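Written below as structure tokens is the structure these notes are about.
The values are calculated or read from the model by the stated rules, or taken from the named source; none is laboratory data. Since this is a predicted model, take the numbers as computed values, not measurements. So basically every Cβ, Gly included, is an ideal-geometry build from the backbone, and we count neighbours across all protein chains shown. With ligands, DNA and RNA removed, areas are computed over all heavy atoms of the protein, side chains included. Shrake-Rupley method; radii C 1.70, N 1.55, O 1.52, S 1.80 Å.
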Amino acid sequence: MTEASTVRPTIVIADDVVELLVVLREMIEAAGYKVVGAAANGTDAISLINKHKPDLALLDYRLPGGDGLQILEAIRRESPATKAVMLTAYEEESLRMDAERLGVSAFLVKGCPASHILKALRDAQVRGRPLSA
């Protein structure tokens, strides 16, 4: 196996439900990703993304200290190669459209099967557009 094939994609996860952060982290790491940071608020999420410049970000919408859209805007400025997936309890079409306008690769509603989250991350990694687009 070559060194390139052993490189795990990096990801930052942001959700204000700590128990969900733990479950997501375990699931995502078991799928072969390297979680370089987990944040329970928007300010910490932006700091982690700026510090690590991850390949991917999995973001909740409603967070203390900055919502998911603000985080997407920060990613566009500070880590434009990072691709993002939004996982939220909010199903509003306007929110989905705003997230897509900012370049999110997938928009998922909490409660969806774990397989949908992992597929969205894989698809974002392979086909998603960086937020600089």
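With all protein chains kept in place, the per residue accessible area of the chain amounts to 51 square angstrom at a probe of 1.4 angstrom.
Listed values for segment 41-56 are Karplus-derived 3J(HN,Hα) couplings in whole Hz (6.51 cos²θ - 1.76 cosθ + 1.60, θ = phi - 60°), namely 8, x, 4, 5, 4, 4, 4, 5, 5, 4, 6, 9, 6, x, 5, 9, and x replaces Gly and Pro. Computed about the Cα centre, the dipole magnitude for segment 1-115 is approximately 380 debye when only Lys and Arg (+1) and Asp and Glu (-1) carry charge, each at its Cβ. Note on Thr6: accessible area approximately 80 square angstrom, rounded to 10, probe 1.4 Å, nucleic acids and ligands left out. For segment 31-39, the Karplus equation 6.51 cos²θ - 1.76 cosθ + 1.60, evaluated at θ = phi - 60°, returns couplings of 7, x, 8, 9, 7, 9, x, 9, 10 Hz by residue, with Gly and Pro reported as x. In this rough spin-label picture, where each label sits 7 Å from Cα along the Cβ direction, the Val22-Lys53 distance is 3.4 nm. Between amide H atoms placed 1.01 Å from N, distances below 5 Å from Ala39 occur with Ile13, Ala14, Asp15, all of them 5 or more places distant or on a separate chain.
Summary: within the chain, the longest segment free of GluC sites (Glu not before Pro) located in DSSP loops with at most 11 other C-beta atoms within 10 Å is 4-90. Calculated from the structure at hand, volume of the Cα convex hull per residue in Å³ is found among [x] 213; [y] 97; [z] 114 as [y]. Within segment 1-98, list the trypsin sites (Lys or Arg not before Pro) lying in a DSSP loop whose Cβ has at most 16 other Cβ atoms in a 10 Å radius. Here the sparse-neighbourhood loop sites are Arg62. Under a 5 Å amide H cut-off, with hydrogens placed 1.01 Å from N, Val109 pairs with Thr88 among residues at least 5 apart or on other chains.
Surface composition of segment 1-99: carbon plus sulfur atoms hold 52% of the accessible area, using a 1.4 angstrom probe and ignoring ligands, DNA and RNA.
Remark: segment 71-85, residue by residue, has Karplus-estimated 3J(HN,Hα) of 5, 4, 4, 5, 4, 4, 7, 9, 8, x, 7, 5, 9, 10, 10 Hz, where x stands for each Gly or Pro and the curve is 6.51 cos²θ - 1.76 cosθ + 1.60 at θ = phi - 60°.
Taking all protein chains together and rolling a 1.4 Å probe, Ser94 ends up with roughly 80 Å² accessible. The H on the amide N of Gly65, modeled in the peptide plane, is under 5 Å from the matching H of Gly42, each at least 5 residues off or on a different chain.
Over the residues of the chain, the helix contribution to mean residue ellipticity at 222 nm works out to -13500 deg cm²/dmol, using -39500 (n - 2.57) for each DSSP H run of at least 4.
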